[in-house]
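Visitor: First the structure, then my questions, so here it is.
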Amino acid sequence: MAEYWGFHTILDASGCDPESITSYDNIYGFVKDLVKEIDMVAYGEPQIVNFGSGNKAGYTLVQLIETSNICAHFVPDDLKGGNGMYLDVFSCKPYDPQTVVDIAQKWFKFEKFKTAFVERQA
């Protein structure tokens with residue numbers, strides 16, 4: 001089995017429940033649940049900020065974890081018709097990428113998604 005430096009899940013979702021991606025409390029609950037379910041250790045509290053303009057506006061989430069980070073941007077008015085989520089989970093500790101998809105679906109109830117999983121090594 002090859003050794004890898006890190007594991008990176010990329011999840012793009014559309015048709016998310018509009019209230020879920022525009023709620024600070026929902027995004028906060030999501031990241032706390034995700035950290036627990038993929039067996040990571042949060043480094044401090046998440047930063048969750050609503051900013052931007054036009055079809056780029058929305059909440060951005062950054063959660064440092066002891067083995068790297070979880071980042072997401074939630075866009076009510078994205079180019080694909082609205083209610084998009086763009087999530088990245090990177091960790092040098094292995095985790096199950098399907099769990100990332102399942103937890104995101106639980107909290108944001110998206111209609112469509114595409115995902116990629118990359119084993120990273122320089």
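Visitor: I need the phi-derived Karplus couplings for the range 101-111: 6.51 cos²θ - 1.76 cosθ + 1.60, θ = phi - 60°, integer Hz, Gly and Pro marked x.
Guide: These are the phi-based 3J(HN,Hα) values: 4, 4, 5, 4, 4, 4, 8, 10, 6, 6, 8 Hz.
Visitor: Cβ under 11 Å from Val62's Cβ, Val62 left aside: what net charge do those residues give with Lys, Arg +1 and Asp, Glu -1?
Guide: Overall, the nearby charge balance is -2.
Visitor: Under the rule that an exposed site lies in a DSSP loop and has at most 15 other Cβ atoms within 10 Å, name the longest stretch of the chain with no GluC sites (Glu not before Pro) of that kind, not counting the sites themselves.
Guide: Longest stretch, sites excluded: 4-65.
Visitor: Something else about it: What's the longest uninterrupted piece of the chain once you rule out the chymotrypsin sites (Phe, Trp or Tyr not before Pro) that are loop residues per DSSP with at most 14 other Cβ within 10 Å?
Guide: 44-122
Visitor: For the range 23-71, which trypsin sites (Lys or Arg not before Pro) are in a loop by DSSP, counting at most 10 other Cβ atoms within 10 Å?
Guide: Listed in order of number, the matching sites amount to none.
Visitor: Please compute the Cα-Cα pair-distance distribution of the chain with 5 Å bins starting at 0, giving whole percents from short to long.
Guide: Reading the bins upward from 0: 2, 12, 23, 25, 19, 11, 6, 2, 1, 0.
Visitor: What full-extension length gain, to one decimal in nm, is calculated for Ala57 and Tyr28 as 0.36 nm per residue of separation minus the Cα-Cα distance?
Guide: 8.6 nm
Visitor: Mind checking the dipole of the chain: about its Cα centre, +1 per Lys or Arg Cβ, -1 per Asp or Glu Cβ, Debye to the nearest 20?
Guide: Computed charge dipole of the chain: roughly 200 debye.
Visitor: Each residue of the range 65-76 in turn: what ³J(HN,Hα) in whole Hz from Karplus with 6.51, -1.76, 1.60 and θ = phi - 60°, glycine and Pro shown as x?
Guide: 10, 4, 10, 2, 7, 10, 10, 8, 10, 10, 10, x
Visitor: Still on this structure: Springs between alpha-carbon pairs under 10 angstrom, Gaussian network model over the chain: which of Val62, Val31, Val49 fluctuates most?
Guide: So, out of Val62, Val31, Val49, the one fluctuating most is Val49.
Visitor: Right, another one. What accessible surface, in Å², does a 1.4 Å probe find on Leu64, ignoring ligands, DNA and RNA and rounding to the nearest 10?
Guide: Here the accessible area works out near 80 Å².
The values are calculated or read from the model by the stated rules, or taken from the named source; none is laboratory data. In this text, all values refer to a predicted model and were calculated from it rather than measured experimentally. Glycine also receives a Cβ, built like all others from the backbone with ideal geometry; neighbour counts cover every protein chain displayed. Keep in mind that these areas ignore ligands, DNA and RNA; they rest on the heavy atoms of the full protein, side chains included. Shrake-Rupley method; radii C 1.70, N 1.55, O 1.52, S 1.80 Å.
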